[in-house]
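The values are calculated or read from the model by the stated rules, or taken from the named source; none is laboratory data. Note that the coordinates shown come from a computational prediction; the quantities given were computed from them, not determined experimentally. Counting neighbours? That spans all protein chains shown, and the Cβs are built from the backbone with ideal geometry, glycine included. Note: accessible area is taken over every heavy atom of the protein model, side chains too, but ligands, DNA and RNA are not part of it. Shrake-Rupley method; radii C 1.70, N 1.55, O 1.52, S 1.80 Å.
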Amino acid sequence: MHSRQRRRFLSVGSGLAAGLLGISTGAKAAPLARSPGLPVSAYGQRARYETSQRWLTPARYLASTASWSPLADQLGIITPSALHYERHHGGVPDIEPGAFSLLVHGLVQRPLEFTLEDLKRFPVTERICMLECSGNSYREWQGPGGVDVQQTHGLTSCSAWSGVRLADVLAECGVMAEAQWLVAEGGDAARLTRSVPLAKALDDTLLVYGQNGEALRPEQGYPLRLLVPGYEGSISVKWLSRLKLSDEAIYSREETSKYTDLMPDGRAQAFTLAMDAKSVITSPSPGRGPLLPGFQEIRGLAWSGRGRVTRVEVSTDGGQHWQDAQLHGPVLPVCHTRFSLPWRFDGQPCVLASRCTDETGDVQPSRAALVAARGVNSFYHYNAIQHWRVDADGSVHNV
Amino acid sequence: MSRHAWLLAMLLVACAARAEGYGLGHAVDAARLRAADTAIGPRGVELPPGSGSVAAGAELYGRQCAACHGAHGTEGPDPVLVGGQGTLASAHPVQTIGSYWPYATTLFDYIRRAMPFTAPGSLNDDEVYALTAFLLAANGVVPQDTVLDAARLATLRMPNRDGFIPDSRPRH
């Protein structure tokens, strides 16, 4: 534990004890400002005491790796844009919005090119939606891997997105009857390319230019990205530059060599797009300093790419008994959903776990069930129940 | 032009441009469409003219790729490109172009769009054909004397072509 955390832990602990006994701690009242503080500012910053940050996967090239959201620090269901997870295959390009255009062509009656201003004139749509990389929790396939919840589950984030319905833009071009797929290409150095089933593209897929009340962050695809709700993150192509309607998928490297799921028999599943029901306890969780004995809430996040979270159960005995946690609104489809359960840590070692059920009836599987069905070399789409062991000294571990 | 005639002309332009909808977006000429149509599907219809030999590819590979992918494409440090056939059902599968990729067109497409990693887009189409030929030969997919072009590439059958099935994840 850092010394700063330890001090806080000690002062909170002794303050709590003194408070319960009704004894004055002699603590001084918090200092109130006696002189004017900083002036108004054009673009705000968080308090200088707040240090939460993304964790970067160590890699040879930081242009093709990932950064993970600090889920244990997240409050509410919206991830601050600056802390939204990243996965790029060719770095973050610098795209001047005035020079941006989106080309729509292929099996359409009218191939058209749209400027950003053109796209912003279509009827606006707002949607709160989570994204999750299908590689989230990949280390856990081989057994407990990540040292904390950021490293086990941080490749998911949730934002309020602003944009337009892709269906409106496609209608403008006149989609031909033979079209089955939409091939989306990014303007980054990797020219990342993914095929979206046309039915999904026309259903609820968006072209988004806004995130959490302002323009997309560069890391999130500025100035325009696809948002394919509930599907693995990489299909929501960032820095979108081209959409081609086609009668077949493109079978890009990102949907053959990668983002396919190898099974024990040597075959692989392709176009495994929907993200399954999943949850994790964010508090208590490893690396946050030892647990204080006594009352606390077990808190966490649950989500599903297939719809709303309808139930989260929590176990304090490694999955032998389960209790329903309380869900905190808003509970939205394909969104992070908060849950909590009141609990007392009595100093006895225990194993905490959470289990999510979504509105399709899917229940988050045990690790044993997942591995029995898919082996350990699938890499993508790991959504098993996560266990945290709490030791008598209050330390918490990934098991 | 009289005001009336001008309005009529504008109306005709608008009707020609769009039968219905919002009237947004700009027409694109054929040359621009051809130039943009660079993503190569499995039928290979988008493949450009040009050709390249395994020998030319070996030379290019040594200069532009080996430092990251290894002299034989097996040593890394960056992704292994060669070998791994017969390992997919083992405890330690090696997923490469030769052992895993279902379509040869994907290789041409990916090299042209994304490699070399630090200078994507710097290779001309003959060079991409040559590198594709070299990596396919190294994986035993084509003979060493191959000269690859659009017609040949589009008809190649990859060893793991039938290794993929649709999403069949069990719903728990």
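Side notes on the structure shown:
- For the stretch A:129-138, putting each phi into the Karplus relation 6.51 cos²θ - 1.76 cosθ + 1.60 with θ = phi - 60° gives couplings of 7, 8, 10, 9, 6, 5, x, 4, 6, 4 Hz, in residue order, rounded to whole numbers and with x for Gly and Pro.
- The base-10 log of I(q)/I(0) for the stretch B:95-152, evaluated at q = 0.22, 0.23, 0.24, 0.27 Å⁻¹, reads -0.87, -0.94, -1.01, -1.20 [Debye formula, identical scatterers on Cα atoms, solvent excluded].
- Complex-versus-alone comparison for the stretch A:154-199, residues with a loss of 10 Å² or more in accessible area, probe 1.4 Å: A:Asp168, A:Glu172, A:Glu185, A:Ala189, A:Ala190, A:Arg191, A:Thr193
- For chain B: Kirkwood Rh in Å [reciprocal of mean 1/r, alpha carbons]: 19.0
- Fraction of accessible area attributable to carbon and sulfur, the protein assembly as shown (%, probe 1.4 Å): 56
- The stretch A:204-323 - convex hull of the alpha-carbon atoms, volume per residue in Å³: 212
- Counting all C-alpha pairs of the stretch A:74-141, share separated by more than 14 Å (%): 78
- The alpha-carbon of A:Lys244 sits under 30 angstrom from the alpha-carbons of these lysines, leaving out residues fewer than 8 places away in its chain: A:Lys120, A:Lys200, A:Lys258.
- Convex hull volume per residue for the stretch A:55-266, taking Cα atoms only, in Å³: 125
- At full extension, A:Arg121 and A:Tyr49 could sit 21.8 nm farther apart than now, given 0.36 nm per residue minus the alpha carbon distance.
- Reachable aspartates and glutamates, given that their alpha-carbon falls under 14 Å from the alpha-carbon of A:Lys278 and they are not under 8 places away in the same chain: A:Glu132, A:Glu140, A:Glu232, A:Glu313, A:Asp358, A:Glu359, A:Asp362
- Volume of the Cα convex hull of chain A, divided per residue and given in Å³: 168
- Once A binds B, the 1.4 Å probe can no longer reach about 4800 Å² of accessible area, counting both sides.
- The residues of the protein assembly as shown have, on average, 45 Å² of accessible surface per residue, using a 1.4 Å probe with all protein chains present.
- Adding -39500 (n - 2.57) for every DSSP H run of four residues or longer, then dividing by how many residues chain B holds, sets the calculated 222 nm ellipticity at -11500 deg cm²/dmol.
- Within the full protein context, the accessible area of A:Tyr380 is estimated at about 20 Å² for a probe radius of 1.4 Å.
- Listing of the stretch B:134-172 residues, each with accessible area lower by at least 30 Å² in the full protein assembly than in the chain alone (probe 1.4 Å): B:Gly163, B:Phe164, B:Ile165, B:Asp167, B:Arg169, B:Pro170, B:Arg171, B:His172
- Approximate spin-label separation A:Trp322-B:Asp145, in nm, with each point projected 7 Å along Cα-to-Cβ: 6.5
- For the Cα trace of the stretch A:278-398, dividing Rg by the Kirkwood Rh returns an Rg/Rh value of 0.98.
- Cα centroid of the stretch A:223-288 to Cα centroid of the stretch A:337-378, whole Å: 22
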